[in-house]
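One structure is given here, and the rest of the page talks about it.
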């Protein structure tokens with residue numbers, strides 16, 4: 001399964017629960033307040049490469065050293081664009097290729113509101129992108145040598161690996177039907193595989 005349809009934005013505040021103090025509502029507000037640069041509209045003529053690598057666990061490195069400042073990673077992911085040839089940091093003046101071993105983002109937090117068909121699930125990345133699992137922000141599993149690797153589509157072709165703790169939360173929210181586990185959110189349903 002691919003990363004789903006490209007989406008221009010993540011979560012919108014219109015379906016926030018009535019309790020504005022809940023973690024769910026706080027995440028919705030965080031996304032509503034976030035403004036990203038219009039990287040899709042930038043077409044610089046100067047291109048190059050920079051020694052930035054995102055490893056298989058979603059950790060960013062520069063010249064072999066792990067980024068220690070989350071704010072810097074947040075800045076870089078705000079100007080990150082995926083193209084057919086790979087991943088690029090884009091400004092109006094320059095486009096620099098980086099290396100992404102798997103997914104450029106990492107989902108680190110999960111919040112849920114509602115139950116059954118009314119359930120909505122939010123995931124927050126390490127860079128504060130907030131995504132509601134829905135038809136435009138698909139969740140899927142890929143089998144790897146150490147078991148399934150969970151992913152969510154975030155925005156504009158960018159996907160996030162889902163860290164272990166939020167993945168286990170998602171498993172707990174799943175329902176069994178016809179021998180498979182299904183995760184429901186915002187009217188969409190995602191197959192998590194066989195229930196046994």
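The values are calculated or read from the model by the stated rules, or taken from the named source; none is laboratory data. Since the model is a prediction, treat every value here as computed from it, not as a measurement. Quick reminder, even Gly has a Cβ in these numbers, built from the backbone with ideal geometry, and neighbours come from all protein chains shown.
Note on the range 70-101: residues that are surrounded by 21 or more Cβ atoms within 10 Å (Cβ to Cβ), farther than 19 Å from residue 41 by Cβ and touching a helix residue (DSSP H, G or I) at 6+ places or on another chain (Cβ under 9 Å) total 0.
Among the candidates 150, 104, single out the residue that is buried (at least 16 other Cβ atoms within 10 Å of the Cβ), farther than 17 Å from residue 192 by Cβ and at pLDDT 95 or above.
Numbers: 150 fails: farther than 17 Å from residue 192 by Cβ.
The conditions single out 104.
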